[in-house]
Amino acid sequence: MAALNAPAAALDRVTLRYGLRPVLKGVSLSFRQGEVVGLIGPGGGGKSQLLKVLSTLRTPWEGTVTLFNRRVDAWHRHGIVDVRANIGLQFQNFALFDSLDVWDNVAFSLVAGRKLARETASPEVGRALEEVGLAPFAHSLPSELSGGMRRRVAIARVVAARPALALFDDPVAGLDPVNSARIMALIGSFARSTGATTVVATHDIPRLLPICTRLVALFDGKVLYDGPAAEVDSCESEIVRRFVESAREGTR
Amino acid sequence: MSRILGDMATALGHYVLGMIDAAGAMTLTFWRTLRSLMPPRFDRDETWRQLHKVGVTSLPIVAMTALLVGVIMVIQSAVYVRKTGATSFVGAVSGVAVLSELGPSLIALMFSGRVGANTAAELGTMVVSEQVDALRALAIDPVKFIVVPRFIAIVASLVLLTIIGDMFGLIGGAMTSQWMLEIDSVAFTKALLATGLLDDLFVGLIKAFAFGVVISTTSTTFGLNVSGGARGVGQAVNGCVVATALGIFTCDYAITYLWYLWVM
Amino acid sequence: MLLIAQALRLLWLTAWAVLRLRLRLREVLVQFHEAGVRSALFVGITMAFVGMVGVYQSASQMAKVLPEFSALGGAVIHSAVREMGPIMAGLLLATRVGTGMAAEIGSMSVTDQLDAMRLCSVDPVEHLVVPRFLSSMLACLALAVLGCVVGIAAGMAVAYTGFSVLPDTFLSLRFMRMSDVTMGVTKSLVFGATIPLVACACGFEATGGSEGVGRATTRAVTLASFLVIVQDAVISLLWEMSTR
């Protein structure tokens, strides 16, 4: 198993391209086990792409990606299935299975992935649904739910699987304030109780700051700030300062 | 037991109602298409573009399919030829089958798969991305701009492609009978010509025309009535090819029946 | 074409999964219902028309040679089992089920559901392709049989009403050999195997929203229908050569 002080996930000079256009430019980051990291930045800046790289869904041709002490980039795909078993990603566009109901969606990695019996998985699934507030909708289809509700199902799907690396892409976009607060608190307590390495990409900076210890700012594919959340206001880059400032004002 | 029967009856009822619904929508589309054809009031540039896209690019696959159909026909008749020694039979059977029957229907099926599905998908995407609404907002009639050019292109292309395809089918048949049954091409062609070829060609072309109308009306109707995003487009294409196949074979039967009533 | 390479790759992966008995039998039944049972009406109606047209064509041919129709039934039955049954089942299945599968998997691909599946430790090939592969082969065979039965029955009706051929005379197996039945079965299974592989390959490759799904369904039906005809020709040729 990984040595105690080895990072759970590390990117070294990763450049990801769509065709010829780079969306991540020479990104180097390292995440310790159990850290809760906030990922901020403008739309199109590369946050979703970064999460996709961390979840092994995109493999960059340049740079190295190491997850749980294993290299997983375009040149090293061996063992990727084992690595994936420990990662959970809440997709920005939900990616719910439209032919399955909410319960089956949330239970999917347990029942279909780890081949657990439905009864064994039931407590985990039930708890995850409770925590996102969707227990009454367990047997609805995704097409019957609102966008915000679908987002919560996607989050529950990650939470129920209890991965060692949990990634959330825009968990509270389009949610009302009550549910936003609830979801962010849930992510925080999930990280604390499971010790999972958690990365949360969001625009809701005020709610992000209480739960994360570290903030990474991604602008145009480059990391402009990587440090303690509390010190972001005094960071060197003016772009980042202004961004955080206006984000705070926007949600006042 | 009665519940199963009840479920089956409901399913059948749904199916039939669905078909009637679709048939109604297609009749409407067809009517509006006809109205825009006489007097001709449609977008000519778009028509040329569609002719190229639909006709020219389908040629390779139609030619290949027709060639293979010709080959299959001869293999199929080989059994009878060997048993009866009626070598002249091969040319005649192939000729008739390819020109009047298998040629038009299988070419139309391939064509509907390629062009019909494509049209339904294209129009469906236009609906989903609200381009059709945008056209209406600009006071451009979608029928004149979208449907009629495709109608003309599809019907014209299918007829021409059927003629070309028929040729390939006969060539395929001749090659195969030469290779398999040692009937040389001259004998094959003689037998072919002796059976009153033109009649069969004519029937085949009438069928091609009818199939073209079916394909174009069905695909444009399904395409323009899409709802439900990416999934809806997929469902429209699915419904379209099924309806087209049914339509093709129904027309095939109707025309064959009427033709033989007329001729015999 | 890249798609054929993808389809072959799927064939390899599917065969491997089947050998390891990752079969998902319940899903196979669900897919069989979708592909086979729900296509039955469509195939039945179409084959009835094809059968009737076939009889008209053959009868008018025979009338030119000798005005006697005793061989009509035998020829129609022979042609149905060897050729028309399997090929029509294949083409109609490619049409209905091919587009359906490509559309379903295509829209899953386009909305990232396939990626989500991979992250849940579920292999899309095992989960989606294998059940469709198995059910499609069975469905094609079943539909070919159904098609033959319906086509022959409809043809028999037309032969009786139009050409006064008695049902007894019509139902003659004089041209049938065991190898014809084997050929028909082989063809049905081959077509049934090809269609889901091609359709799923097209679905997996879909990118770009509803336009991508539309493209995937179109390519699926075109390629699948074309391959059905090519395989029919190849199998017929091989059979002929081997029985010479």
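The values are calculated or read from the model by the stated rules, or taken from the named source; none is laboratory data. Because the structure is a prediction, the values reported are computed rather than measured. All Cβ positions, glycine included, derive from the backbone under ideal geometry; neighbour counts span all protein chains shown.
The residues in segment A:71-91 that are crowded, with 17+ Cβ neighbours inside 10 Å, more than 7 Å from chain C (Cβ to nearest Cβ) and in a loop (DSSP other than H, G, I, E, B) can be counted, and the count is 3. Taken over segment A:238-249, the criterion of being over 16 Å from A:D170 (Cα atoms) and surrounded by 14 or more Cβ atoms within 10 Å (Cβ to Cβ) is satisfied by A:I239, A:V240, A:R241, A:F243, A:V244.
Identify the residue in segment B:109-137 that is away from every other protein chain (no Cβ under 11 Å) and either hydrophobic (A, V, I, L, M, F, W, C) or closer than 14 Å to C:R215 by Cβ (or both) and, among all such residues, is surrounded by the fewest Cβ atoms within 10 Å (Cβ to Cβ). It would help to see each step written out before you state the result.
Residues of segment B:109-137 away from every other protein chain (no Cβ under 11 Å): B:130-137.
Pick out the ones that are also either hydrophobic (A, V, I, L, M, F, W, C) or closer than 14 Å to C:R215 by Cβ (or both) and you get B:132, B:134-135, B:137.
Details: B:V132: 20, B:A134: 11, B:L135: 16, B:A137: 9.
Ranking the qualifying residues of segment B:109-137, first place goes to B:A137.
If you go through segment C:158-179 and keep only what is in contact (Cβ under 8 Å) with a residue 24 or more places away in the chain and either in contact with a Pro (Cβ under 9 Å, 6 or more places away or on another chain) or of a type in the set (D, E, K, R) (or both), you end up with C:A159, C:R174. Among the residues of segment B:171-179, are any more than 14 Å from chain C (Cβ to nearest Cβ), under 22 Å from B:M64 (Cα atoms), hydrophobic (A, V, I, L, M, F, W, C) and within 21 Å of the chain's Cα centre (by Cα)? Checked segment B:171-179: no residue is more than 14 Å from chain C (Cβ to nearest Cβ), under 22 Å from B:M64 (Cα atoms), hydrophobic (A, V, I, L, M, F, W, C) and within 21 Å of the chain's Cα centre (by Cα). Of all residues in segment C:3-35, those being exposed (fewer than 14 other Cβ atoms within 10 Å of the Cβ), aliphatic (A, V, I, L, M) and more than 18 Å from C:G98 (Cα to Cα) number 4. Within segment C:216-242, the residues that satisfy the criterion of being more than 7 Å from chain B (Cβ to nearest Cβ) and out of contact with any Lys or Arg (no Cβ under 8 Å at 6 or more places or on another chain) are C:A216, C:R219, C:A220, C:L223, C:A224, C:L227, C:V228, C:V234, C:L238, C:W239, C:M241, C:S242. If the condition is being crowded, with 21+ Cβ neighbours inside 10 Å and over 15 Å from B:G113 (Cβ atoms), then segment B:235-250 contributes only B:Q235.
Select from segment A:71-86 the residues that are out of contact with any Phe, Trp or Tyr (no Cβ under 9 Å at 6 or more places or on another chain) and hydrophobic (A, V, I, L, M, F, W, C) and write down the one among them that is modelled with the highest pLDDT. Filtering segment A:71-86 for residues that are out of contact with any Phe, Trp or Tyr (no Cβ under 9 Å at 6 or more places or on another chain) and hydrophobic (A, V, I, L, M, F, W, C), the one modelled with the highest pLDDT comes out as A:A85.
So is B:L181 of a type in the set (A, V, I, L, M, F, W, C) and closer than 17 Å to B:E101 by Cα or not? Here the answer is no, as B:L181 does not meet what is asked.
Starting from residues that are in a helix (DSSP H, G or I) and more than 7 Å from chain B (Cβ to nearest Cβ), keep the ones in segment C:105-114 and report whichever is farthest from the chain's Cα centre (by Cα).
Pass one, segment C:105-114, residues in a helix (DSSP H, G or I): C:105-110, C:113-114.
Retained after the next criterion (residues that are more than 7 Å from chain B (Cβ to nearest Cβ)): C:105, C:108-109, C:113-114.
Working: C:I105: 20, C:M108: 24, C:S109: 25, C:Q113: 28, C:L114: 27 Å.
My answer is C:Q113.
If you check B:F188, B:F202, which single one turns out to be in contact (Cβ under 8 Å) with a residue 40 or more places away in the chain and in a helix (DSSP H, G or I)? Just a single option satisfies the conditions, and that option is B:F188.
Taking segment A:92-121 as the region of interest, how many residues are among the polar types (S, T, N, Q), within 11 Å of chain C (Cβ to nearest Cβ) and either closer than 23 Å to A:A173 by Cα or surrounded by fewer than 19 Cβ atoms within 10 Å (Cβ to Cβ) (or both)? Break it down stepwise before answering.
Going through segment A:92-121, the residues among the polar types (S, T, N, Q) turn out to be A:92-93, A:99, A:105, A:109, A:120.
Now narrow it down to the ones that are within 11 Å of chain C (Cβ to nearest Cβ): A:92-93, A:99, A:105, A:109.
Narrowing further to those that are either closer than 23 Å to A:A173 by Cα or surrounded by fewer than 19 Cβ atoms within 10 Å (Cβ to Cβ) (or both): A:92-93, A:99, A:105.
Looking only at that region, the number is 4.
Here A:L39 fulfils each of the conditions (1) touching a Lys or Arg at 6+ places or on another chain (Cβ under 8 Å); (2) assigned to a loop (DSSP other than H, G, I, E, B); (3) within 27 Å of A:D204 (Cβ to Cβ) apart from (2).
Regarding segment B:38-61, can at least one residue be identified that is at the interface with chain C (Cβ under 10 Å from one of its Cβ atoms), buried (at least 17 other Cβ atoms within 10 Å of the Cβ) and among the β-branched types (V, I, T)?
Here is the first cut: in segment B:38-61, the ones at the interface with chain C (Cβ under 10 Å from one of its Cβ atoms) are B:58, B:61.
Checking the rest, the ones that are also buried (at least 17 other Cβ atoms within 10 Å of the Cβ) come to B:58, B:61.
Going one step further and asking which of them are among the β-branched types (V, I, T), we end up with B:61.
Yes, because at least one residue in segment B:38-61 is at the interface with chain C (Cβ under 10 Å from one of its Cβ atoms), buried (at least 17 other Cβ atoms within 10 Å of the Cβ) and among the β-branched types (V, I, T).
Would you be able to say whether some residue in segment C:115-135 is farther than 25 Å from C:V228 by Cα, within 14 Å of chain B (Cβ to nearest Cβ) and either touching a Cys at 6+ places or on another chain (Cβ under 7 Å) or polar (S, T, N, Q) (or both)? Taking every residue of segment C:115-135 in turn, none turns out to be farther than 25 Å from C:V228 by Cα, within 14 Å of chain B (Cβ to nearest Cβ) and either touching a Cys at 6+ places or on another chain (Cβ under 7 Å) or polar (S, T, N, Q) (or both).
Is there a residue in segment C:139-147 that is under 18 Å from the mean Cα position of the chain (by Cα), more than 28 Å from C:L10 (Cβ to Cβ) and in a helix (DSSP H, G or I)?
In the first step, residues of segment C:139-147 are kept if they are under 18 Å from the mean Cα position of the chain (by Cα); the result is C:139-147.
Checking the rest, the ones that are also more than 28 Å from C:L10 (Cβ to Cβ) come to none.
Scanning segment C:139-147 turns up no residue that is under 18 Å from the mean Cα position of the chain (by Cα), more than 28 Å from C:L10 (Cβ to Cβ) and in a helix (DSSP H, G or I).
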